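See below for the structure under consideration.
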Ligand SMILES: *Cc1c(COP(=O)(O)O)cnc(C)c1O
């Protein structure tokens, strides 16, 4: 196979729902991958924050391979060891009490939404089922999580959408207070909005949400699908804010490259969902959970500290590149504002120079593997520097 043949087969057989970059990836190790012609690329994307330890990390692939050879799936009518271990590790890292495993971020948010509504119904009766989410948020692609997503572009074509979502302006405390009325059972926050363009919530805004939740028995739900699992230099981004959500949703990075979502419940919320209330066939799959154990068991304070250090280093290097106006974000979740030009166009040209980057709105977005080395950062920066220098010349 060569890249051209693969592009053609996609054209013939794969539904065209993604604006793909012109790159077919053949293999990878750590933060470097190769195409079918043997060219190498520095990867600042980790599959949108999924490959926490990069491509085919040795420890992770050994754990996954061994589990696949031993026991690949059991239904949730039975017990399995990797599922128990992964849940224990997640609780140990977060102080949460119970975990429900599913397969994606959207699905974990669905679980959190169901739990919040049941909590309120059982305690207060009907009429208190609204959920506040933020404008410019992103919570997933199911009909309900599209409704939860506070961006009008996502509210087309597929109606009727699920009722009961109210959108507050991020970092506008007065608006949040205004919307948190007696019909509200939960507030959902991405502490750093990812798809919305790497937009950080202000401490004061999170404090206001915490106060409202405490005063009115509203559940605080942290959507840590993108920010969780060490991405920002803490295991959960909530920790930066001194926030302890009642429910945390995770996905992307926890499986290290296999599909895994998790809904984490605190002492207050651990008893809401019982037998028959919620389920999913693949949830807690042994192979996926074995991969998660490999990822989670390495989230030590020293490792998280190294993520912060590398994030600071990458931020500094990015700030010095041509065309870059400013860089924001935390740890290895960074966004760069361009002086001019189109972010998607730059990302596509960067592929030609051997470096993979993401975009979010009109920012360049960086979510490299958490174990990326300084040398790999330097190599990626040098390549991106070429792309940006060319783009700068073109503007003159
Ligand atoms: C990616 C993402 C989701 C959706 O996750 P999927 O696995 O694509 O369903 C939800 N919330 C946030 C914050 C995300 O970044």
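Laboratory data are not the source of any read-out in this text; all were calculated from the coordinates shown. It should be emphasised that the depicted structure is a prediction, and the values quoted were computed from it without experimental measurement. Using ideal geometry, Cβ is built from the backbone for each residue, glycine included, and neighbour counts are taken over all protein chains shown.
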Name the residue, out of 220, 89, 15, whose mean-square fluctuation peaks in a Gaussian network model built on the chain with Cα pairs under 10 Å.
15
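Which value results when the Cα radius of gyration for region 77-296 is divided by 2.2 N^0.38 Å?
After normalising by residue count via 2.2 N^0.38 Å, the value is 0.95.
If R0 is 56 Å, what FRET efficiency do you get for residue 158 and residue 313 from their C-beta distance, rounded to 0.05?
Step by step, r from the Cβ atoms, then E = 0.85.
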Quarter of the Cα convex hull surface for region 168-322, i.e. its orientation-mean projected area (nm²):
11.5 nm²
Where both partners of a DSSP beta bridge lie in region 106-250, what percent of those bridges are antiparallel, to the nearest 5?
10 percent
So which residue, out of 378, 172, 16, gets the largest mean-square fluctuation from a GNM of the chain using Cα contacts under 10 Å as springs?
16
Site residue 135, offset 7 angstrom along Cα→Cβ, radius 20 Å on amide nitrogen, limited to region 150-184, gives 150-156, 164-181
Have a look at the DSSP beta bridges in the chain and tell me what percent are antiparallel, nearest 5.
65 percent
Computed over region 155-235, Kirkwood Rh from alpha-carbon pairs, angstrom:
14.0 Å
Which of rounded, prolate, oblate describes region 40-164, given a ≥ b ≥ c as roots of the alpha-carbon gyration tensor eigenvalues and a/c under 1.5 marking rounded, otherwise prolate only if a/b is larger than b/c?
oblate
Zone of residue 56's modelled label, taken as backbone nitrogen in region 16-32 under 20 Å from a point 7 Å along Cα→Cβ
23-32
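Calculated from DSSP H runs of 4 or more alone, at -39500 (n - 2.57) each and per residue, what is the 222 nm mean residue ellipticity of the chain, nearest 500? Present the calculation step by step, with values, prior to reporting the outcome.
Details: 12 runs with 151 residues, N = 396.
Taken over the chain, the calculation gives -12000 deg cm²/dmol.
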To the nearest 10 degrees, the tilt of helix 301-319 (Cα long axis) against the first principal axis of the alpha carbons of the chain is 50 degrees
Using a simple spin-label model with points 7 Å from Cα along the Cα→Cβ vector, what separation in nm is obtained for residue 29 and residue 124?
5.6 nm
Report, in whole Å, the centroid distance computed from the Cα atoms of region 18-97 and region 208-265.
20 Å
Cα radius of gyration and Dmax for the chain (Å):
21.1, 65
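Sort 174-187, 347-360, 136-149 by packing, meaning the average of other beta carbons within 10 Å per residue, with the highest value first.
Order by mean packing, descending: 136-149, 347-360, 174-187.
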Where does helix 203-216 land angle-wise versus the long Cα axis of the chain, in degrees 0 to 90, nearest 10?
20 degrees
